[in-house]
Amino acid sequence: MNTIKPPRSMSQIYYDFAANALKLAARADAVADFAKTKEDKDIAVGSAAFARRFSKKAFKAGETVICLMNDGELKAYCQQFDTVLAQFVAFAEKAEKELYAIEQRLK
């Protein structure tokens, strides 16, 4: 008999985003350490800083979601944080491309 897995909670989704942001920050830091030009280093350092800031926000959002008991408040909060998530996803896509280009130049 097949069982249906429950979906991940919103807090877990936010925690996962926070963890992935920290991975992106670590990658950006590694690229910054080996960057050959000031421009490449600035891009990597900026990407790492942005990812760390987002990670803190996502972790805080995960904690906040756990504390919200009213479904209306939870839904409203999640809708607000979705705009932050969308901004991070757009940033992460751009950062991944820029970091990849820098890594290719380092080879």
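The values are calculated or read from the model by the stated rules, or taken from the named source; none is laboratory data. Computed from a prediction, not measured in an experiment: that's the story for all the values here. Positions of Cβ are backbone-derived with ideal geometry, glycine not excepted, and every protein chain shown enters the neighbour counts.
In this entry, Phe81 passes the filter for residues that are touching a helix residue (DSSP H, G or I) at 6+ places or on another chain (Cβ under 6 Å), assigned to a helix (DSSP H, G or I), over 28 Å from Phe34 (Cβ atoms) and aromatic (Phe, Trp, Tyr).
Within the group Glu103, Glu63, Glu98, which residue is out of contact with any Pro (no Cβ under 8 Å at 6 or more places or on another chain), of a type in the set (Asp, Glu) and closer than 28 Å to Ser9 by Cα? Checking each option against the conditions leaves just Glu63.
None of Ser47, Ser11 is in a helix (DSSP H, G or I) and closer than 30 Å to Lys107 by Cβ except Ser47. Search the range 26-53 for residues that are farther than 12 Å from Leu99 by Cα and at pLDDT 95 or above and pair each with any residue that is among the small types (Gly, Ala, Ser) and surrounded by 15 or more Cβ atoms within 10 Å (Cβ to Cβ) when their beta-carbon atoms are under 7 Å apart and the residues are at least 6 apart or on different chains. Close Cβ pairs satisfying both conditions: Ala51/Ala21; Ala51/Ala25; Ala51/Ala28; Arg52/Ala25. Looking across the range 58-73, the residues that are of a type outside the set (Gly, Ala, Ser) and in contact with a Ser or Thr (Cβ under 9 Å, 6 or more places away or on another chain) come down to Glu63, Thr64, Val65, Ile66.
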